[in-house]
There are 2 protein chains.
Amino acid sequence: MAKQQQNAISPARDKNFPEWYQQVVRASDMAENSEVRGCMVIKPWGYGLWEQIQAQLDVMFKETGHKNAYFPLLIPVSYLEKEATHVEGFATECAVVTHHRLELQDGKMVPAGKLSEPYVIRPTSETIIGAAFARWVQSYRDLPLLINQWANVMRWEMRPRLFLRTAEFLWQEGHTAHETPEQAMEETCKMHGVYEEFLREHLAIPVIPGEKTEGERFPGALNTFTVEAMVQDRKAIQAGTSHFLGQNFSKAAGIDFEGREGKREFAWTTSWGVSTRLIGTLIMAHGDDDGLIIPPRVAPTQVVILPIIPKEEVREEVLAACHQLEEKLRAESAWNAPLRVEVDERDLGGGVKNWEWIKKGVPVRIEIGPRDLEKGSVAVTRRDGGHRDKSFIASDEAVAQMAETLLSIQSNLLERALAFREEHTKELQSAEEFYAFFTPQNSGQPEIHGGFALGHWGGTAEEEEALQKESKVTIRCIPSDPELRGESGVCVITGKPAEGRVVFAKAY
Amino acid sequence: MAKQQQNAISPARDKNFPEWYQQVVRASDMAENSEVRGCMVIKPWGYGLWEQIQAQLDVMFKETGHKNAYFPLLIPVSYLEKEATHVEGFATECAVVTHHRLELQDGKMVPAGKLSEPYVIRPTSETIIGAAFARWVQSYRDLPLLINQWANVMRWEMRPRLFLRTAEFLWQEGHTAHETPEQAMEETCKMHGVYEEFLREHLAIPVIPGEKTEGERFPGALNTFTVEAMVQDRKAIQAGTSHFLGQNFSKAAGIDFEGREGKREFAWTTSWGVSTRLIGTLIMAHGDDDGLIIPPRVAPTQVVILPIIPKEEVREEVLAACHQLEEKLRAESAWNAPLRVEVDERDLGGGVKNWEWIKKGVPVRIEIGPRDLEKGSVAVTRRDGGHRDKSFIASDEAVAQMAETLLSIQSNLLERALAFREEHTKELQSAEEFYAFFTPQNSGQPEIHGGFALGHWGGTAEEEEALQKESKVTIRCIPSDPELRGESGVCVITGKPAEGRVVFAKAY
């Protein structure tokens, strides 16, 4: 039983966090690199998680009045160019389509049929959706226009990392148009709030909502709001953003309408998105040295039943008991949905199977063997405890308690993540404290430093850029919470007067 | 009331079917052309229908043991080349990515960062998924591998038509690998059956399932099975296909495994897909001269409630009654799902609103005005009847009957489509009959001819191609149904001996 004494993932989180992450993605069978530079294959377990995220977010989008639609993958280069900051922001990372067929030349297929105007594969869709909005919006009666798109996008990343930064990724992008700036800002903030709630209540990740500084805004936006998560190497991940675009894109695309006074006006637009990056954030926020831990609310399978079959004669009886339990559990529900339960019937050793599910992070495992049948009991193990914390309980009791167990795991994960963040968030008063906080604290783990720092900031955009270059620390956000923001004071870096505190951190 | 005397769509189906189709797509607000050549924008009502199709098919795929995953959008050209027939089949219609950024030159953004190997945007994913399968399959224990992907694909169509043939479209592509040819063929036929059932039971479209002749096979397949629908101009639409790929793609991609005898063997693979083309098929199968008719089972909204507000004083009362009814209806269910109900509160004239919903093809409309409130009744209109067939019934009765009404509309649409197909399907004995059948029968409608012809075929692939060139008639399939196939006989075109009958038709 030597295997049970050690952890499934090597290296451990506190030895080499980036490598631990790669190993967890591999061991949990979530995704893998493909032969296409920077593009990943999302395997069934990873995609199953994305399906849950998608379905649950989609309900929230529809409840807030949005409808889904679909727009072209390809964007004419001239469209991107219409908004100057926007094209500048994306030009360096666009996949460009220049031809529309292949032709055999000297025994090799080469591009042929050159296009008169090249297209880029959408890195984001403000411009192409703006063109459609310009056709759809004629009068103030057509507003607000509340649209969302689930799609793939491409940004040619130079340093890809599975889920966190890939050349192609899956996401949703909300795009809305409004009559007044107040309504557009209200929408921007509402969706910012939806993201905060989704991360907290569905992914069990507490985030700090706030506004980005000018230098970190979406190219072309007037305001960018973000939700910032802390993961277990104490770095920040920007998990979702919501942008107030003012009239920049409506002027570029010609989204104008006849106003209440009969005059032509330009619409006020917003956009907002989250992506498969949420999966990377979830792994880094909750995983442990045995692999992934998926919050039950979004787990593709919440409970796995593992038949223990020591000899062939008991197979039928054990499997029958497993499927009976499966059916009873499926009749229960949590978060207004039937429990997602699976029996793993594969012909593999019990230990191997058990460890596979530990690494995959399934919230609850139930083992049933011939001895359990005799006693009418089952062995239940929660993934958020130690992996040896089995409890033997009556089968019917396991069914009756399961929803509660899942809720308890969910809230435990949230509390744990919140406690971790609070432990590693510090209020700083001086530059000296600042540099000490962000200096790696463990020579074996060069990346691990203090965490999130709250401190006053009164510098310029140039000073912010210089700080980042020198220290790799960025301003994650100007927090929305007035308590975090605090009163005016003195900038910890520049010593200049500052309106309030910001959140500083190193980030993915 | 002149408007009520005429139909909403002009031209009528029997005047100019292709133009009628364009007008219905526009009037139902399903989709529109974009500025990107051949690419469409799928608007919320069209996308809502796609969401229903997706969700309902996805259940069927999962019930048959498949899991969803996601693979890269881009395919290296060298991958396509690995299967000779495959690359030949798709080379003429590939969007090719050759650069990975844009650069400002003489005030214009131009492609820069040339890729060492170009990529194509997937026209289908056999080769890129095959590469992943080659990594995943090591032993016979890893088989069968049953995967599905929901994705966008591109085929550079020269004559695009909304939904039916667009450069970019949305689809699902199933890809599976098996230990033996028998298992792979069983899978191919199973999914062929799933498509037939889905079309019949969900889209109310009766299809003829069968096998494609050699010339019509998927490039690289050994057998291609199809489901063929007849639409109202009596043409055929290939609505879905399922392919037995033999070992062609497993050899090209190296999907081999250690067999039960310890020897390396190549897997046997299949692929199968349906696309947003289903929406075009549905429109052409069920629409009438007032617009679209959506089968209730897949309608994004099954029942729309239209408040009639002749004067401001009654607004509150009428709206309250509408929402009360909405809630009661939502507590009812059909096809194991709560009814999808919407109140249209928009501040538009009742007639305008009513016609909008007729054109959108919502299955049931309910009008409520102040006079109805007094009587406790509502006015219910089914979309599959004439648009003046209102029935006034008690509100509670409308609730109690609604599920049954929806089921009745669903089966009426299926019966209607089946009767239409039967009326326009003829068994032919001779070339003379053949040419008469496929000659346009109405000079005002040059496209409308006989319909589906069942006749013996004993020609070669070359003779089939010649027939198509000369008459525009293709062999849609060798029908699976032994009754349709019949006994051996004499080929209606070549006079040669023939094994059985095939389905001839003109097609989209």
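The values are calculated or read from the model by the stated rules, or taken from the named source; none is laboratory data. Only a predicted model underlies this, so the values are computations on that prediction, with no experimental measurement involved. Cβ sites come from the backbone with ideal geometry, for glycine too, and all protein chains shown count toward neighbours.
Couple of notes before you dig in:
- Near pairs, Cβ below 9 angstrom, 6+ apart or cross-chain, from the stretch B:304-318 (more than 15 Å from residue B:381 (Cα to Cα)) to any residue that is of a type in the set (A, V, I, L, M, F, W, C) and outside any loop (DSSP other than H, G, I, E, B): B:309/B:318; B:309/B:319; B:314/B:373; B:317/B:373; B:318/B:368; B:318/B:373
- Condition met for residue B:165 (within 20 Å of residue B:281 (Cβ to Cβ), more than 13 Å from chain A (Cβ to nearest Cβ) and free of Cβ contacts under 8 Å to residues at least 60 places away in the same chain): no
- For residue A:27, the conditions (1) farther than 30 Å from residue A:214 by Cβ; (2) among the small types (Gly, Ala, Ser); (3) buried (at least 16 other Cβ atoms within 10 Å of the Cβ); (4) within 12 Å of chain B (Cβ to nearest Cβ) all hold with the exception of (4).
- Only one entry of B:321, B:285, B:299, B:267 meets the criterion of being under 30 Å from residue B:143 (Cβ atoms) and buried (at least 20 other Cβ atoms within 10 Å of the Cβ), and that entry is B:267.
- Restricting the search to helices (runs of 4 or more DSSP H) fully inside the stretch B:274-367 and requiring at least 3 residues that are of a type outside the set (A, V, I, L, M), assigned by TED's automatic domain parsing to the domain that holds residue B:171 and over 26 Å from the mean Cα position of the chain (by Cα) gives an empty result.
- No other residue among B:270, B:226 is outside any loop (DSSP other than H, G, I, E, B) and under 23 Å from residue B:425 (Cα atoms) apart from B:226.
- For the stretch B:422-440, the criterion of a residue being touching a Pro at 6+ places or on another chain (Cβ under 8 Å) and either of a type in the set (Lys, Arg) or surrounded by 18 or more Cβ atoms within 10 Å (Cβ to Cβ) (or both) is satisfied by no position.
- Test: residue in the stretch A:69-78 that is surrounded by fewer than 20 Cβ atoms within 10 Å (Cβ to Cβ), more than 8 Å from every other protein chain (Cβ to nearest Cβ) and in a helix (DSSP H, G or I): yes
- When residues in the stretch B:391-424 are screened for being in contact with a Lys or Arg (Cβ under 9 Å, 6 or more places away or on another chain) and outside any helix (DSSP H, G or I), 4 of them pass.
- The set of residues in the stretch B:229-260 that are under 18 Å from residue B:186 (Cα atoms), assigned to a helix (DSSP H, G or I) and among the small types (Gly, Ala, Ser) contains only B:250.
- Check on residue B:405, over 28 Å from residue B:19 (Cβ atoms), of a type in the set (Ser, Thr, Tyr), touching a strand residue (DSSP E or B) at 6+ places or on another chain (Cβ under 8 Å) and modelled with pLDDT of 95 or more: yes
- Among (1) farther than 25 Å from residue B:75 by Cβ; (2) not in a helix (DSSP H, G or I), the one test that residue A:61 misses: (2)
- Figure legend. Inter-residue proximity from the stretch A:187-205: first residues over 11 Å from residue A:64 (Cβ atoms), second residues of a type in the set (Ser, Thr, Tyr) and crowded, with 24+ Cβ neighbours inside 10 Å, beta-carbon distance below 6 Å, spacing 6+ or different chains. Indicated pairs: A:188/A:242; A:188/A:270; A:192/A:242.
- Test: residue in the stretch A:181-191 that is in the same structural domain as residue A:250 (by TED's automatic domain parsing) and within 30 Å of residue B:121 (Cα to Cα): no
- Flag for residue B:149 being out of contact with any Gly (no Cβ under 6 Å at 6 or more places or on another chain) and crowded, with 18+ Cβ neighbours inside 10 Å: yes
- Test: residue in the stretch A:48-65 that is at the interface with chain B (Cβ under 9 Å from one of its Cβ atoms), within 29 Å of residue B:95 (Cβ to Cβ), free of Cβ contacts under 8 Å to residues at least 40 places away in the same chain and crowded, with 20+ Cβ neighbours inside 10 Å: no
- Hits in the stretch A:124-142 - residues which are more than 9 Å from chain B (Cβ to nearest Cβ) and either under 21 Å from residue B:94 (Cβ atoms) or buried (at least 20 other Cβ atoms within 10 Å of the Cβ) (or both): A:124, A:125, A:126, A:127, A:130, A:133, A:137
- Some residue of the stretch B:226-237 being on the phi < 0 side of the Ramachandran plot, of a type in the set (Gly, Ala, Ser) and surrounded by 20 or more Cβ atoms within 10 Å (Cβ to Cβ): yes
- For the stretch A:116-155, the set of residues classified as of a type in the set (S, T, N, Q), closer than 28 Å to residue B:158 by Cβ and part of a strand (DSSP E or B) consists of A:116, A:149, A:152, listed by residue number.
- For the residues B:220, B:246, the requirement of being over 15 Å from the mean Cα position of the chain (by Cα) and modelled with pLDDT under 95 singles out B:220.
- The listed residues are B:88, B:81, B:19, and the only one of them that is of a type in the set (Asp, Glu), over 29 Å from residue A:132 (Cα atoms) and free of Cβ contacts under 8 Å to residues at least 24 places away in the same chain turns out to be B:81.
- Counting only residues that are more than 10 Å from every other protein chain (Cβ to nearest Cβ) and assigned to a strand (DSSP E or B), the stretch B:90-115 holds 1 of them.
Condition check ((1) modelled with pLDDT under 95; (2) closer than 20 Å to residue B:274 by Cα; (3) not assigned by TED's automatic domain parsing to the domain that holds residue B:168) across all residues:
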{"position": "B:24", "(1), (2), (3)": "no, no, no"}
{"position": "B:28", "(1), (2), (3)": "no, no, no"}
{"position": "B:32", "(1), (2), (3)": "no, no, no"}
{"position": "B:37", "(1), (2), (3)": "yes, no, no"}
{"position": "B:66", "(1), (2), (3)": "no, yes, no"}
{"position": "B:76", "(1), (2), (3)": "no, no, yes"}
{"position": "B:86", "(1), (2), (3)": "yes, yes, yes"}
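- For residue A:240, the conditions (1) in contact (Cβ under 8 Å) with a residue 60 or more places away in the chain; (2) within 24 Å of residue A:133 (Cβ to Cβ) all hold with the exception of (1).
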